[in-house]
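A short worksheet on the structure shown next.
Read-outs: derived from the displayed coordinates by stated rules, not from any lab. Just so it is clear, the model here is predicted, and its values are computed rather than measured. Here the Cβ is made from the backbone with ideal geometry for all residues, glycine too, and neighbour counts use every protein chain on show.
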Amino acid sequence: MIELIHEPDLYIDGRWTPGGGTDLEVENPATEEVTGRITQASTEDVETAIAAARAAFGPWAATPVAERAAVLRRLGEVLTERADLFAHIINREQGSPPRVARALHVDTPIAVVDATVEALERFEFRSELRNSLILLEPVGVVAAITPWNLPLHQVVVKVVPALAAGATVVLKPAGLTPLAAFELARAFEAAGLPAGAFNLVPGSGRVVGDLLTRHPGVDQVSFTGSTPVGRSIAAAAAESLKRVTLELGGKSASVVLAGASDELLAKAVKITVANCFLNGGQTCTALSRLIVPAGKLEQVEELAAAAAEKYVPGSRLGPLISADQRKEVESFLEPGAGGADAVTVTSPLGLPERGYYVSPAVVSRVAPDSRLAQEEVFGPVLAVLAAGSDDDAVALANNSIYGLGGAVWGPDEAALEVAGRLQTGQVDVNGGAFNPAAPFGGYKQSGIGREIGEYGIADVLEIKAVQR
Ligand code: NAD
């Protein structure tokens, strides 16, 4: 039997101290076994953590940029040295197959750390404008509240730019996957981050998250999670007019233009399926809608079915995070979820005996206003929609409350032009790769603000004009 990962202490003010809240068991969704146990923070622990972050703020903000950059560069080195350990922990708490755990969950955030250090070294915190000196100053204490789908990456993309900017942080990780954050605290310690600059207070959203959101000692809340919770956090933060960064849900579209060659169409389908099913379909930028020329629909259905069948649950395709999440995902495969004429074109694949697995699905001929076309599934379900023209494809893509990711496939010039017309924070043209330095965030109800690199740093800065 595998030994439990046991984390009884919290990391507050540079010390490991016993948590005052109740214990919480962490389940491995691939085996349905308890894999870890943590002690959650009490409200007193949260108060102590906020006070520690406030006390650390002045000195950390005054630390020269080169020194802040050196600490964060060391953090990147420590994460690299311990990458296999992080992958192991994430494999256990989140269920990702080991290869995915390493490449997506660990190597990507390490690349983000490196890109953020580069951005910090170039960042202009002072500039001149006529008779004014423009000073960009860190906001103060940032409360980071993160989801379970990427237990390390979602933390790194907010915490590292905030620290780079000179802000200090109190982190509340997701209750379903809190373990990687403890190892991150150890990595910060090893990198020489001063006491109080990063504090870890795991606990429920209702208690710890809500306290952080309303607390007068917190200057900014940086939240990643679902759109409904984001809305309630924005409302709660409004009481004290706290600044809020929100990274929320998505229903991103992959648009194939009429001018795409057959070869490009095949590539588009293969990459869209891979992107939609990545991490068991549990990524916020999942290309979960594939919009194709109506005349190509049958060809696309064949290609998509062949691609989807390679995602065998239990090997290439990881589990969903919980039994509840599986129930929710399955509800999108009930008759009517994709509209009256929708057809599921993949054959059901066998499922492992244990674990919250589902068969990946491609549902075609989905109606534009159906639940499947409009709502975030957060599971391996791709909706295929037919467009009468390229303009129709753009209208279908923009027919969403969300605007987080997207993709366009077609002749370069036309594809770039369409990328400009999509109401979304990121667009990949003809398979453009994820850029760990590029701003990340959403239009519309996908969020407010940007994370990663120089835009992530800018997101936690106040702007001061000094006239002379
Ligand atoms: P969630 O909204 O349920 O929870 C996110 C975090 O908020 C958790 O730590 C939770 O404990 C906390 N929380 C819950 N209620 C709270 C409250 N009232 N006050 C303060 N904190 C509270 O989201 P989830 O289920 O963990 O994650 C899945 C969602 O996250 C999906 O909708 C997905 O699209 C979204 N997501 C968005 C991005 C992005 O960058 N845009 C990235 C990853 C995930």
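Tabulated values for the structure
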| item | result |
| --- | --- |
| Mean Cα-pair separation over length for the chain, i.e. relative contact order, pairs under 8 Å, 6 or more apart, % | 18 |
| Residue order, fewest to most beta carbons within 10 Å, for S370, S331 | S331, S370 |
| Cβ charges +1 (Lys, Arg) and -1 (Asp, Glu), total dipole of the range 253-432, debye | 540 |
| Qualifying aspartates and glutamates (Cα of each under 18 Å from Cα of K251; at least 8 residues distant if same chain) | E328, E330, D369, E375, E376, D392, D428 |
| Ranking of F434, F57, F123 by count of other Cβ atoms within 10 Å, fewest first | F434, F123, F57 |
| Extension gain from K310 to T80, taking 0.36 nm per residue of separation minus the Cα-Cα distance | 79.7 nm |
| Positive-pole candidate from N91, F198, A187, dipole of the chain, charges at beta carbon | F198 |
| Net length gained if the chain between A438 and E302 were fully extended (0.36 nm per residue, minus Cα distance) | 45.5 nm |
| Relative contact order of the range 1-48, pairs being alpha-carbon contacts under 8 Å that are 6 or more residues apart, as % | 40 |
| Expected 222 nm ellipticity per residue - DSSP helices of 4 or more, -39500 (n - 2.57), all of the chain, to 500 | -11500 deg cm²/dmol |
| Shape box of the range 112-248 [Cα atoms, principal axes, largest first, Å] | 50, 37, 25 |
| Gain upon complete extension [V34, A266; 0.36 nm per residue less C-alpha separation] | 79.4 nm |
| Selection from A304, W409, S261, by position along the positive dipole direction of the range 253-432 (Cβ) | A304 |
| FRET efficiency, 1/(1 + (r/R0)^6) with R0 56 Å, evaluated for S226 and E128 via beta carbons | 0.85 |
| Counting DSSP beta bridges with both ends in the range 253-432, the antiparallel % (nearest 5) | 15 |
| Cross-link pairs beyond the 21 Å C-alpha cut-off, checked among K267/K327; K267/K296; K296/K327 | K267/K327; K296/K327 |
| Burial ordering of K327, K242, K296, fewest other beta-carbon atoms within 10 Å first | K327, K296, K242 |
| Relative contact order computed over the range 253-432 (Cα-Cα under 8 Å; 6+ residues apart), in percent | 29 |
| Exposed-site-free run, longest, the chain (rule: GluC sites (Glu not before Pro); DSSP loop; at most 16 other C-beta within 10 Å) | 354-468 |
| Computed magnitude of the charge dipole of the chain (debye, nearest 20; Cβ of K, R +1, Cβ of D, E -1) | 720 |
| Environment charge at R371 (Cβ cut-off 12 Å; Lys +1, Arg +1, Asp -1, Glu -1) | -4 |
